[in-house]
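Beneath this line is the structure, given in structure tokens, with notes to follow.
The values are calculated or read from the model by the stated rules, or taken from the named source; none is laboratory data. Only a predicted model underlies this, so the values are computations on that prediction, with no experimental measurement involved. Neighbour counts run over all protein chains shown; Cβ positions are idealised from the backbone, glycine included. Keep in mind that these areas ignore ligands, DNA and RNA; they rest on the heavy atoms of the full protein, side chains included. Shrake-Rupley method; radii C 1.70, N 1.55, O 1.52, S 1.80 Å.
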Amino acid sequence: MIIWSGRGWIAVVATFGVCLVTNCVVDAQWGKDYYSDHLWIVGLAVLGGGLLTAAIGFGLKPHTERELIDPKTDERVIVQYANDTLFFIPLHWAGCVIAVLGVYAVLHDWFD
């Protein structure tokens, strides 16, 4: 698929879920539209979603590789049988990219 392959959809669901929960909690605590009016909170939510995605991606990564040894030549080959990507970026690195975008949003709101 063009947008994701394998379990790459986890990046979208995890980030959206963290942002949704953060939105509900912040608006319930500090009033309607507080989340929307403060970009740094949105950035922290995106950062949290990115870190969650990266953690899941790094957790799934060891289970997607297999080392094969040729009995005749003793050559070792690593085969990846699952390809979990979001926009052709491996899931664990996509989480890191999302986290960096969250940090950018926080810094942009604080220093702009």
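Build a GNM of the chain with springs between Cα atoms under 10 Å apart, and of 89, 69, 78 the one that fluctuates most is 69. What chymotrypsin sites (Phe, Trp or Tyr not before Pro) does the stretch 34-104 have in DSSP loop regions with at most 15 other beta carbons within 10 Å? Here the sparse-neighbourhood loop sites are 81, 87, 88.
Taking the protein heavy atoms of the chain in the context of the full set of protein chains, the accessible area attributed to carbon and sulfur is 68 percent at 1.4 Å. Modelled label positions at residue 93 and residue 40, each set 7 Å beyond Cα in the direction of Cβ, lie 3.2 nm from each other.
From helices alone, the chain scores -20500 deg cm²/dmol at 222 nm; the rule is -39500 (n - 2.57) for each run of n ≥ 4 DSSP H residues, then divide by the residue total.
The modelled label-to-label distance between residue 58 and residue 72, using points 7 Å beyond Cα along the C-beta direction, is 4.1 nm. Solvent-accessible surface of the chain, averaged per residue with a 1.4 angstrom probe and all protein chains in place: 68 square angstrom. Other residues within the sphere of radius under 14 Å centred on the Cβ of residue 39, judged by their own Cβ, net out at -4 (K and R +1, D and E -1).
Loop only per DSSP, at most 13 neighbouring Cβ atoms within 10 Å: give me the trypsin sites (Lys or Arg not before Pro) in the stretch 30-109, ordered by residue number.
On the way: sites: 32, 66, 72, 76; in loops: 32, 72.
Qualifying residues, ordered by number: 32, 72.
Under 8 Å for C-alpha pairs, at least 6 residues apart: give me the relative contact order for the chain, rounded to a whole percent. Computed value for the chain: 39 percent relative contact order.
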